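Here's the structure, in structure tokens; my notes come after.
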Amino acid sequence: VAGHDGDPSVIQPLYHPHTGMLYYLSDQSGYYNLYRAGGARPSSILPVDSDFGGTSPGWTLGQQGFRFLPDDGRLVAHYPRDGRSVLLVADVRDPDKPAVDIVRYDTHQGLPRTISDVVPGSHGTLYLLGAGPATPPAIYRWNPSSPSSPEILRSSSKVTFPDSLLSTPTRIEFPTSGGLTSFGYHYPPKNDRYRCTTESSPPLLVKAHGGPTSCASTAYDPSIQFWTSRGFSVLDVDYSGSTGYGKDYRRRLRRRWGVADVDDVCAGAAFLAQRGLADPQRSCIDGRSAGGFTVLGALTFRDVFRAGTSSYGIGDLTAL
């Protein structure tokens with residue numbers, strides 16, 4: 001049906017409950033977009049310069065970045081845009097036409113900043129798994145036809161903190177090796193009870209996610225807020241190879257794992273230091289699994305970080 005030439009990645013096949021047509025995600029266009037099988041060749045029905053499919057890489061089990069409403073068969077899907085999730089509802093029931101009547105929703109309608117899954121219910125009701133920088137992951141119930149904000153049905157944590165302690169991330173772009181651009185989320189220090197009067201810039205903690213094709217999340221993370229509430233600046237890097245930026249970005253790690261990712265975390269630290277947002281003499285780094293491999297590479301081959309923590313990091317690629 002698709003992917004027979006061996007290059008495009010094809011994931012998350014799903015049949016339409018009313019028409020029986022097969023839908024799936026493919027990165028044939030350069031991004032994971034929605035395709036419909038049938039006719040002489042599969043057709044892209046909703047082209048967007050963003051990756052549908054969820055916040056985790058395609059090899060993660062259980063993801064479904066799009067679904068169909070059981071009552072009327074409309075499509076509901078989500079994708080990232082500038083560090084925030086966009087939820088859309090569209091009519092795809094005509095097998096000969098692309099998606100029509102497309103309506104997009106985001107934080108302006110009260111949706112969580114990050115949406116990792118959507119499950120449709122009856123009468124247009126949607127159940128969302130979402131979170132935000134100050135909101136732990138939770139299950140939300142929401143109906144797009146209702147003017148009310150989503151209702152939290154169950155939260156993963158009942159612990160709350162005042163806004164005076166919670167740092168809100170800003171998505172940044174910074175230059176890296178080869179004249180390329182990489183991305184990350186910068187969390188400035190935040191604790192209204194204290195003010196530093198002796199230093200011009202804060203110490204920095206750079207974080208490298210696992211995968212290596214996973215991605216950073218802006219969901220509430222106590223392991224980040226711990227440091228920002230104690231005077232640290234934190235940079236959560238979506239280094240080359242991360243999901244969410246298209247096929248070319250994801251493939252930048254091919255034959256360069258341990259090189260491109262190391263370049264990016266070092267470039268991100270330098271970017272913040274040049275703008276006075278971090279002290280280059282007090283920069284450190286941590287990472288888990290594949291991110292731990294990045295940590296080891298940065299500490300071994302570069303002179304950027306003063307300390308680092310590799311949690312169950314990969315130490316030998318040939319042993320994988």
Exercise. Any idea how many residues of region 261-271 are of a type outside the set (Asp, Glu), within 12 Å of Pro175 (Cα to Cα) and surrounded by 22 or more Cβ atoms within 10 Å (Cβ to Cβ)?
Worked result: 4
For this session: Give Arg275, Arg255 a once-over and let me know the one that is on the phi > 0 side of the Ramachandran plot, surrounded by fewer than 19 Cβ atoms within 10 Å (Cβ to Cβ) and either within 24 Å of the chain's Cα centre (by Cα) or free of Cβ contacts under 8 Å to residues at least 24 places away in the same chain (or both).
Result: Arg255
Problem set entry | Subset of region 278-287 [closer than 14 Å to Val237 by Cβ and out of contact with any Phe, Trp or Tyr (no Cβ under 6 Å at 6 or more places or on another chain)] | Ala278, Asp286, Gly287
Seminar exercise, completed: Of the residues in region 133-147 that are assigned to a loop (DSSP other than H, G, I, E, B) and in contact (Cβ under 8 Å) with a residue 12 or more places away in the chain, the one that is farthest from Arg104 (Cα to Cα) is Ala134
For this session: Sort out which residues of region 179-195 are free of Cβ contacts under 8 Å to residues at least 40 places away in the same chain and either more than 16 Å from Leu272 (Cα to Cα) or small (Gly, Ala, Ser) (or both), and write them in order of number.
Result: Gly179, Lys190, Asp192, Arg193, Tyr194, Arg195
For this session: Inspect all residues belonging to region 36-56 and state whether any of them is surrounded by 20 or more Cβ atoms within 10 Å (Cβ to Cβ), more than 28 Å from Asn143 (Cβ to Cβ) and within 17 Å of the chain's Cα centre (by Cα).
Result: no
For this session: For region 215-244, enumerate the residues that are without any contact (Cβ under 8 Å) to a residue 40 or more places away in the chain and either open to solvent by less than 30 Å² (accessible area, probe 1.4 Å) or at positive phi (or both).
Result: Ala216, Gly241
Exercise. Hey, any hits in region 11-19 for a residue that's in contact (Cβ under 8 Å) with a residue 12 or more places away in the chain, of a type outside the set (Asp, Glu) and touching a Leu at 6+ places or on another chain (Cβ under 7 Å)?
Worked result: yes
Problem set entry | Output for region 278-297, where each listed residue is under 23 Å from the mean Cα position of the chain (by Cα), of a type in the set (Gly, Ala, Ser) and open to solvent by less than 30 Å² (accessible area, probe 1.4 Å) | Gly287, Ala290, Gly291, Gly292
Exercise. How many residues does region 72-109 hold that are exposed (fewer than 14 other Cβ atoms within 10 Å of the Cβ) and assigned to a loop (DSSP other than H, G, I, E, B)?
Worked result: 5
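The values are calculated or read from the model by the stated rules, or taken from the named source; none is laboratory data. Remember, predicted model here, so these are calculated numbers, not experimental data. A quick note on method: Cβ atoms are made from the backbone with ideal geometry, for glycine too, and the neighbour counts reach across all protein chains shown. Remember, those area values only see protein heavy atoms, side chains included, never the ligands or the DNA or RNA. Shrake-Rupley method; radii C 1.70, N 1.55, O 1.52, S 1.80 Å.
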